[in-house]
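Have a look at the structure below, then the notes.
The values are calculated or read from the model by the stated rules, or taken from the named source; none is laboratory data. Everything quoted here is computed from the prediction, not taken from an experiment. Here Cβ is always computed from backbone atoms with ideal geometry, including for glycine, and neighbour counts include all displayed protein chains.
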Amino acid sequence: MTCLQTSCVPVTRRWTGVTRRRADRVTARRDNTHAPGDDRDRVRDASDIVDVVGEHLSLRQKGREYLGVCPFHDDHKPSMYVVPDKQIFHCFSCGAGGDVFTFIQKYHSMDFVEALKFLAERAGIELTPRKRAPGGEGAGGEPGGEGEVSRGELAEACAFADGFFRAILRHPEHGAPARAVAERRGLTGEIAERFGIGAAPDRWDGLLMAIEKKGLPRRPFIAAGLLKQREGGDGCYDALRNRLIFPIRDQLGRAIAFGGRRINDEEEPKYLNSPESALFNKSATLYGLDLAARNFTKQKDRKRLIVVEGYTDAIACHRGGFDTAVATLGTALTAQHARVLRRYPDVSVILLFDGDEAGRRAADRAVEVFFAEPIDVRVATMTVAGGAKDPDELLAQADGRARFEAVLENAEEVLAWRFAQFREELSSRGVNGRAVLVERYLQRLSELGLGTLDPIRRKFVLEQLATITGLSWTDLTRLSPAGRKPKQRAEARLAEERALAAGSSTEPKPTSRRQTPAGGVVGALMAFPSLSGSLTPADVRVLGEAEAGATLAQVREVVLGLIDAGTPPELGRVLPGLEATSAQSSATSAARAVERAAEGDASRARAFFADCLRRLHADAAARARAEGEPADPLERLAELRAGGVSGGGGAGANGGAGVVRRAAYPRVADDGSR
Ligand SMILES: [Zn+2]
């Protein structure tokens with residue numbers, strides 16, 4: 001080994017101004033954003049990452065880790081690992097990673113404090129009340145008066161309105177008309193409670209007065225579309241008046257928007273929804289998903305999610321015992337919906353459409369949305385329901401439940417359904433017309449991602465087409481333009497990681513192309529914290545000065561801060577010191593890459609670590625040569641005039657290149673053992 005490794009200077013606080021200040025900054029940042037560290041620890045200890053992630057997506061155990069489909073990038077294959085003994089998650093495809101807080105922050109687009117509250121509530125932990133420093137800077141201070149309305153403020157406004165609408169429905173006088181409508185439609189008792197049904201009073205200032213009485217700011221209510229500003233004036237009025245209210249909830253069951261159904265038949269429109277806001281994205285929201293997701297985890301064998309067209313249909317399904325129904329909100333199914341549904345890969349999705357022409361077109365669109373998705377999607381139509389036009393009507397009948405079950409049973413796999421349609425279209429054409437139709441259809445399928453389907457599904461599609469069209473399978477393969485670019489990257493990375501992990505000699509394999517020596521060293525320190533004991537002051541200096549991307553630089557700062565404070569820089573300790581989820585992901589990726597390469601073998605990790613350090617020193621030396629060691633500007637000028645700058649280093653000497661320049665080693669050794 002080199003003298004770098006043998007000269008093991010223990011890491012202590014004694015070096016240094018630079019890292020000392022670094023440690024201070026790290027501590028300060030942590031106190032600032034993550035407030036009571038105590039709360040953070042208590043909540044983390046009570047939130048096992050496998051449980052928490054498992055509540056959001058399906059995980060499969062694989063050895064000592066768990067594997068699931070990553071919700072943070074478009075993919076069909078499981079690429080996200082959850083590691084119980086380290087309490088982290090990491091996607092080897094998109095690089096997302098971190099601890100349980102990172103996951104919640106990213107998944108629900110929350111800031112750290114929101115995520116802390118969310119997990120505390122889940123674990124039944126009461127948080128220390130936070131003191132708000134008046135005029136306090138940094139992430140801790142909540143905006144008061146002007147400026148943009150935060151997601152938190154929107155959520156509070158919606159929660160307040162939710163409570164108000166429910167109270168009105170119970171009100172003897174103001175709730176009476178809405179109660180009558182609710183009763184007619186069977187929206188009473190337990191089912192009304194489950195869906196949180198409420199009422200908006202028949203006046204312009206019902207909600208407004210409640211807001212004023214509480215002394216709440218109006219801005220969040222305006223931003224949430226609950227209050228409207230009078231044109232030209234400075235007053236406000238209720239956006240929802242004299243309507244039966246259906247709160248629209250996110251997956252956590254928090255109200256994020258409201259739908260209002262008219263009480264008077266003369267009023268238009270029949271349904272009125274909240275506008276979109278920072279909380280509410282109509283094209284990604286499925287009404288009832290909070291309830292359905294809870295319910296289908298209870299289903300043992302065949303988990304199914306029923307997607308219907310309106311929220312009253314969804315409620316009717318739940319009332320009829322089909323409590324895994326959700327509804328789109330007045331939009332067709334979108335790719336964003338598909339993305340939400342992809343979180344449940346073991347769930348079979350049944351799209352239920354009316355049997356009419358509009359329903360058929362909606363189903364057609366759905367097929368396009370789901371064509372390349374890895375989800376089991378089936379299409380059911382009400383045509384087999386014997387005259388009933390929607391689930392509400394059908395389930396109200398005496399044998400409605402059994403017949404509805406039959407409708408669901410008759411659901412056809414989405415491709416098979418589409419092929420049946422296609423067969424019909426073909427049968428009405430002549431030979432030439434058929435050829436054109438087949439070609440056009442193949443074109444469309446390849447636009448939808450035929451080329452990127454997994455081979456089994458792709459084969460299925462082509463076989464089906466061969467049967468329908470009478471063309472040979474090879475003809476079809478030739479005809480179908482196979483564009484298979486998008487997912488290749490992920491697979492290339494996977495292969496890269498596998499290759500990394502497969503190395504069996506103690507000779508360190510080169511790190512992946514993307515990992516710089518600095519990333520390797522930082523990653524190794526987090527994965528095998530005891531390595532920090534072998535760092536020399538010179539190592540720390542070159543590490544601190546090495547080129548690194550913005551996020552890796554943040555990670556490095558925290559790592560060096562911990563080392564300087566005499567704390568082993570293990571990943572679990574580094575993550576809380578990082579503010580941005582991107583930096584947390586970067587830290588996790590760096591640590592995992594080393595872990596995989598070393599396969600738990602400490603001697604391999606050491607060899608890898610030493611190699612990265614050598615490269616760091618080599619790069620530093622090359623840089624120094626290129627710059628001409630003495631950094632004094634006058635001397636440098638003189639040197640330039642004399643033309644004495646060595647040409648060897650130059651542009652190639654950045655830290656990113658994965659090539660180890662062995663020629664530089666002796667120089668580094670001199671440097672390191674100084
Ligand atoms: Zn991912």
**Message:** Take residues that are closer than 22 Å to D376 by Cβ and tell me which of the helices (runs of 4 or more DSSP H) falling wholly in the range 395-484 contain 1 or more.
**Reply:** 400-409, 414-427, 431-447, 455-469
**Selection count, the range 367-394, where residues are in a loop (DSSP other than H, G, I, E, B), among the acidic types (D, E) and farther than 22 Å from P71 by Cα** = 1
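Give G232, G253 a once-over and let me know the one that is at positive phi, outside any helix (DSSP H, G or I) and in contact with an Asp or Glu (Cβ under 9 Å, 6 or more places away or on another chain).
On the way: G232 fails: in contact with an Asp or Glu (Cβ under 9 Å, 6 or more places away or on another chain).
Result of the check over G232, G253: G253.
Looking at A605, A580, A548, A621, which one is under 19 Å from G95 (Cβ atoms) and crowded, with 20+ Cβ neighbours inside 10 Å?
Numbers: A605 fails: under 19 Å from G95 (Cβ atoms); A580 fails: crowded, with 20+ Cβ neighbours inside 10 Å; A621 fails: under 19 Å from G95 (Cβ atoms).
Every option except A548 fails the conditions.
Can you confirm whether A406 is under 24 Å from R304 (Cβ atoms) and surrounded by fewer than 14 Cβ atoms within 10 Å (Cβ to Cβ)?
Values: under 24 Å from R304 (Cβ atoms): yes; surrounded by fewer than 14 Cβ atoms within 10 Å (Cβ to Cβ): no.
It is false that A406 is under 24 Å from R304 (Cβ atoms) and surrounded by fewer than 14 Cβ atoms within 10 Å (Cβ to Cβ).
Being of a type outside the set (A, V, I, L, M) and on the phi > 0 side of the Ramachandran plot narrows it down to one residue among G320, G330, G310; which is it? Give the steps one after another, and end with the answer.
On the way: G320 fails: on the phi > 0 side of the Ramachandran plot; G310 fails: on the phi > 0 side of the Ramachandran plot.
Just one listed residue meets the conditions, G330.
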**Request:** Within the range 67-78, track down each residue that is charged (D, E, K, R) and near the ligand (Cβ under 10 Å from one of its atoms).
**Result:** D74, D75
**Prompt:** Within the range 412-422, is even one residue touching a residue at least 60 places away in the same chain (Cβ under 8 Å) and of a type in the set (D, E)?
**Reply:** no
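Only one of V369, V377, V349 is under 19 Å from A416 (Cβ atoms) and touching a Lys or Arg at 6+ places or on another chain (Cβ under 9 Å). Can you tell me which? Please lay out each step first, then the result.
On the way: V369 fails: touching a Lys or Arg at 6+ places or on another chain (Cβ under 9 Å); V377 fails: touching a Lys or Arg at 6+ places or on another chain (Cβ under 9 Å).
From the options V369, V377, V349, the qualifying one is V349.
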**Item:** All positions within the range 18-47 that are modelled with pLDDT under 55 and part of a loop (DSSP other than H, G, I, E, B)
**Value:** H34, A35
**Among (1) part of a helix (DSSP H, G or I); (2) out of contact with any Pro (no Cβ under 8 Å at 6 or more places or on another chain), the one test that V50 misses** = (2)
**Prompt:** Would you pick out the residues in the range 147-170 that are assigned to a loop (DSSP other than H, G, I, E, B) and either within 20 Å of K228 (Cβ to Cβ) or modelled with pLDDT of 95 or more (or both)?
**Reply:** E148, V149
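Before we move on, is G198 crowded, with 16+ Cβ neighbours inside 10 Å and in contact (Cβ under 8 Å) with a residue 24 or more places away in the chain?
Values: crowded, with 16+ Cβ neighbours inside 10 Å: yes; in contact (Cβ under 8 Å) with a residue 24 or more places away in the chain: yes.
Yes.
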**Prompt:** All but one of (1) surrounded by fewer than 17 Cβ atoms within 10 Å (Cβ to Cβ); (2) over 38 Å from the mean Cα position of the chain (by Cα) hold for G400; which doesn't?
**Reply:** (1)
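Are any residues in the range 79-94 more than 10 Å from the ligand (Cβ to nearest atom) and touching a Gly at 6+ places or on another chain (Cβ under 9 Å), and if so, which ones?
Narrowing the range 79-94 to residues more than 10 Å from the ligand (Cβ to nearest atom): 81-88.
Of everything in the range 79-94, those that are more than 10 Å from the ligand (Cβ to nearest atom) and touching a Gly at 6+ places or on another chain (Cβ under 9 Å) turn out to be Y81, V82, K86, Q87, I88.
Among D346, D364, which is among the acidic types (D, E) and either in the same structural domain as H56 (by TED's automatic domain parsing) or assigned to a helix (DSSP H, G or I) (or both)?
Values: D346 fails: either in the same structural domain as H56 (by TED's automatic domain parsing) or assigned to a helix (DSSP H, G or I) (or both).
From the options D346, D364, the qualifying one is D364.
Give the range 320-341 a look and list any residue that's modelled with pLDDT of 90 or more and loosely packed, with under 15 Cβ neighbours inside 10 Å, or say none. Steps first, answer last, please.
Taking the range 320-341 first, the residues modelled with pLDDT of 90 or more are 320-328.
G321, the sole residue that qualifies.
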**Prompt:** Does E393 satisfy the condition of being of a type in the set (D, E, K, R) and either touching a helix residue (DSSP H, G or I) at 6+ places or on another chain (Cβ under 6 Å) or within 13 Å of I350 (Cα to Cα) (or both)?
**Reply:** no
